[in-house]
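What follows is a single structure, written as structure tokens, with notes after it.
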Amino acid sequence: MRAAIAAAEVSDTLSIALISKVYPMRSHTVSAEGGAGAAFGDDDSPDLHAFDTIRGSDYLADQDAVEAFVTEAPREITQLEHWGCPWSREPDGHMAVRAFGGMSVNRTVFAADKTGFHLLHTLFQTSLKYDSIVRHDEFFVTSLLNEDGRCAGVAAVDLRDSEVRCFVAKAVILCTGGLGRIFSFTTNASINTGDGMALAYRAGVPLKDMEFVQYHPTGLPGTGILMTEASRGEGGYLINKEGQRFLEEYIPSKMELGPRDILSRAIMQEIEKGRAFEGPYGEYVHLDVRHLGEKLIDEKLPFVRELVRKFVGIDPLHEPIPVRPVVHYMMGGIDTDMMGRTPLPGLYSAGETACVSMNGANRLGSNSLSECLVFGARVGSQAARDALDATAPAQEPLAQLAEAEQDRLVDGYLEKEGGRERIAPIRRELQTAMERGAGVFRTEESLKEAVEEVRGLKDRYRDLAISDRDRAFNTELVAALELGNMLDVAETVVASGLERRESRGSHTRRDARDRDDERYLKHTLASSTPDGPKIEYRDVTITRWPPAERKY
Amino acid sequence: MADPTMTLKVARYRPEHRPKPYFDEYEVPYREDMVVLDALNYIKDELDGSLAYRWSCRMGVCGSCGMMVNYKPRLTCSTFLREFYPKHVVVEPLENFPIIRDLVIDMSDFMEKLRTVKPWIIRTDEHSVDEGEYLQPPEQVDRYKQFSMCINCMLCYAACPVYAKDQEFIGPAALALAYRYNLDTRDQGQDERQQIVAVDWGIWDCTFVGECSVVCPKDVDPAAAIQRSKVAATTKSMMSMLLPFGVEREED
């Protein structure tokens, strides 16, 4: 949505289609809680924000991208303020900032602990004032339409009647969020199935750094509902079964404000040492915010209280919250440059779907909302300017491609003969395989096994049949298409992980415990071939911060 | 003892097969921590893949999964089965909206109404972003904060007896959103917005039944927003009655 608004502001002669499989205010940004990072304070500077981000990334971030990000983040957050975002304020009326993991000063701007919700609704409501933005709600994009080596539109099925519509465009921007649903335990919504990544991948665009999957240290066991990092930023403790603040043993200088990869590993190690609680949904530790008091909790963490009361049935004011590490965010994504351009002309991407890369091997909390704003704005205006200069694609061949898509959906799903497999078992087995093979800790063996399992599931997917053959709002068709996307992106995650024989950021190999800059100070690029993903590497851009040991 | 189960009566509408909505019954496993949405997902995955409904975040904030649960508008992700166990649960699409399929309603009217109230900051003197943020102390944020919490779940439209009779009515959520922007110190569009909402199909259509505020899962209290908009509109028109209409001319 940020990209659509940026494009609309370049020229009102452009016609902008905002195509989404859900109504835009349902997008998963809505669930982001803690805040958006930007160097505002007197004690802060863009360089310090850049260094924190680069160190947090375990030196895999492209430093030119990080520099652009930290420079533009404050302006973007102020822009949101001008559009009406109800940021939390200081008594003097300025936007307030709070502490977050891996950030060396308070630089996370927030709207209580519903930052994503307010950010998304502000963008959505603001987008309504632009006549040139035309929404196509509940359209599921099934493929990119390419012409003469450029992306010239998309085919999208209208959920109302299962008809494929052809959208011809001079520029296409993919902003479809993450892929958390390929794992069984995730904070992500049901819609986060890696759709944009899969579309680009199948169109020949490489997916970058897909082995880097972020585990958030604090999710509710069972549901995976996120307990924001802000609960630690505001002073909450992590406590094990022995009653100890166990981070003392892992990251004493930062304690609860350490980066997510290190904290998630620490909790898993506590579990392995038998120092965690046991519950019906696996072992867990405690997140204790009781000492913060009712006033602070209700002012700054009201959503945490609401969620815990509703979904756990306890009041965090009086009892500690059970938490365990949970899949949360994808550092990898569609290979783009700093303007959101992919290697395929006419195709762009931003947000979690894209990998610029400013997050490298581990994203710092509160950088993702700012990333959506900064790179959303960048890609929107870049794509708009390119579109003004581009020649219009020929309609006819694209319409034929879209017709072929309609046939594929009808023959492959809606009127398919035979097919013995069902969606739910394949999805469940995929999620279990990913959790087992590509979790917090990985090995050569676990990844190899996962590669085999995903491949086997892809074979079974070819024999899939759906029971719903109606044309009106066929959610089983959508689930089948999503499962196809999930399998494609999952394969790149495990294949990329298998080839990276080192430990860096979120990618922790028990059989290769050290970081190996000589071999792997590089981005992984996974490209689609008939035999599965082909893995190649590209150097990381280093500007002013030479790779060093990641010390806290 | 056999594992406990529960019966769901689920409204179906499949216009390609039957002209009218009907009910299907499903038996699902029951656990104390299951919500109605979990039961629907169980049905879809294990019993009947053709059941259609919307859902996404399963944590009460995306606003997708509003349905009638035992005749009341509820978010199914936040409604526990234990509230009804061991009796059965009836799940139907949100009332007062046309049904597209099963539990999926047509929300295009609501989306259009949201847009008509101009839910964005209107400025007559727009400052450049480079000049920094508009200052807004916490007490000014508190004035409109509650009315900015709407997740667009439309439970209030399903509960509203006025919207049930008169689909022209702008409705609770959209009117509350207009009021939210009117209260925002950064906004200068109150007059423009007031002309849109202070009409017979706007705030004056509301009979203050208050059901909207009862069912709201986020305590937005649209009924209060509408009542206070009425007061603001009245004060404004009273004021204009008291104001003089030009200088009285002396006869010469």
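The values are calculated or read from the model by the stated rules, or taken from the named source; none is laboratory data. Not measured: the values here are computed from a predicted model. Cβ sites come from the backbone with ideal geometry, for glycine too, and all protein chains shown count toward neighbours.
Of the listed requirements (1) touching a residue at least 24 places away in the same chain (Cβ under 8 Å); (2) out of contact with any helix residue (DSSP H, G or I) (no Cβ under 8 Å at 6 or more places or on another chain), A:Pro86 misses just one: (2). In this structure, does B:Ile170 turn out to be within 20 Å of B:Arg228 (Cβ to Cβ), β-branched (Val, Ile, Thr) and buried (at least 20 other Cβ atoms within 10 Å of the Cβ)? Criteria met by B:Ile170. Can you name the condition, by its number, that A:Ser190 falls short on among (1) surrounded by fewer than 24 Cβ atoms within 10 Å (Cβ to Cβ); (2) touching a strand residue (DSSP E or B) at 6+ places or on another chain (Cβ under 9 Å)? Of everything listed in (1) surrounded by fewer than 24 Cβ atoms within 10 Å (Cβ to Cβ); (2) touching a strand residue (DSSP E or B) at 6+ places or on another chain (Cβ under 9 Å), A:Ser190 misses just condition (2).
Taking segment B:1-97 and the strands (runs of 3 or more DSSP E) fully enclosed by it, the elements with 2 or more residues that are of a type in the set (Phe, Trp, Tyr), over 24 Å from B:Cys216 (Cα atoms) and outside the structural domain of B:Cys150 (by TED's automatic domain parsing) are at B:22-29. Exactly one residue out of A:Gly484, A:Gly505 is within 27 Å of A:Phe140 (Cα to Cα) and not polar (S, T, N, Q), and it is A:Gly484.
Only residues that are of a type in the set (Gly, Ala, Ser) and either part of a loop (DSSP other than H, G, I, E, B) or within 12 Å of the chain's Cα centre (by Cα) (or both): list them for segment B:149-188, please. Once the filter is applied, which keeps residues that are of a type in the set (Gly, Ala, Ser) and either part of a loop (DSSP other than H, G, I, E, B) or within 12 Å of the chain's Cα centre (by Cα) (or both), segment B:149-188 yields B:Ala158, B:Ala159, B:Gly171, B:Ala173, B:Ala174, B:Ala176.
Pairing each residue of segment A:274-295 that is at positive phi with any residue that is modelled with pLDDT of 95 or more and of a type outside the set (Asp, Glu), provided the two are 6+ apart or on different chains, yields C-beta distances under 6 Å for A:Gly282/A:Pro221.
Taking the condition more than 19 Å from the chain's Cα centre (by Cα) and assigned to a loop (DSSP other than H, G, I, E, B), does A:Gly274 pass? So A:Gly274 fits the description; yes. The conditions of being facing chain A (nearest Cβ under 9 Å) and over 21 Å from B:Arg101 (Cβ atoms) are not met by B:Met34. Restricting A:Arg135, A:Arg160 to residues that are part of a strand (DSSP E or B) and within 30 Å of A:Leu414 (Cα to Cα) narrows the list to A:Arg135. Inclusion of A:Ala189 among residues that are over 14 Å from the mean Cα position of the chain (by Cα) and of a type in the set (A, V, I, L, M) is not warranted. Within segment B:191-207, being away from every other protein chain (no Cβ under 14 Å), in a helix (DSSP H, G or I) and not acidic (Asp, Glu) holds for B:Gln194, B:Gln195, B:Val197, B:Ile203, B:Trp204. Got a number for residues in segment A:454-492 being within 30 Å of A:Ala361 (Cβ to Cβ), in contact with a Leu (Cβ under 8 Å, 6 or more places away or on another chain) and of a type outside the set (Ser, Thr, Tyr)? Residues flagged as within 30 Å of A:Ala361 (Cβ to Cβ), in contact with a Leu (Cβ under 8 Å, 6 or more places away or on another chain) and of a type outside the set (Ser, Thr, Tyr) within segment A:454-492 amount to 9. Looking for something under 20 Å from B:Asp106 (Cα atoms) and basic (Lys, Arg) - is there at least one such residue anywhere in segment B:49-69? The answer is yes, given that some residue of segment B:49-69 is under 20 Å from B:Asp106 (Cα atoms) and basic (Lys, Arg). The one condition from (1) outside any loop (DSSP other than H, G, I, E, B); (2) within 22 Å of A:Leu477 (Cα to Cα) that A:Asn188 does not meet is (1). Within the set B:Ala176, B:Ala223, the sole residue that is under 24 Å from B:Met68 (Cα atoms), of a type in the set (Gly, Ala, Ser), in contact (Cβ under 8 Å) with a residue 40 or more places away in the chain and crowded, with 23+ Cβ neighbours inside 10 Å turns out to be B:Ala176. The residues in segment A:1-44 that are surrounded by fewer than 24 Cβ atoms within 10 Å (Cβ to Cβ), within 12 Å of another protein chain (Cβ to nearest Cβ) and polar (S, T, N, Q) can be counted, and the count is 1. Among the residues making up segment B:119-137, those that are out of contact with any His (no Cβ under 8 Å at 6 or more places or on another chain), at the interface with chain A (Cβ under 7 Å from one of its Cβ atoms) and either surrounded by 16 or more Cβ atoms within 10 Å (Cβ to Cβ) or at positive phi (or both) are B:Pro119, B:Trp120, B:Gly132, B:Gln136. Checked against the criterion of being crowded, with 20+ Cβ neighbours inside 10 Å, modelled with pLDDT of 95 or more, at negative phi and within 28 Å of the chain's Cα centre (by Cα), segment A:387-399 contains one or more residues that satisfy it.
Conditions tested, residue by residue: (1) assigned by TED's automatic domain parsing to the domain that holds A:Ala7; (2) under 30 Å from A:Val172 (Cβ atoms).
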residue: A:Leu388; (1), (2): yes, yes
residue: A:Ala392; (1), (2): yes, yes
residue: A:Asp407; (1), (2): no, yes
residue: A:Val410; (1), (2): no, yes
residue: A:Arg428; (1), (2): no, no
residue: A:Met434; (1), (2): no, yes
residue: A:Thr443; (1), (2): no, no
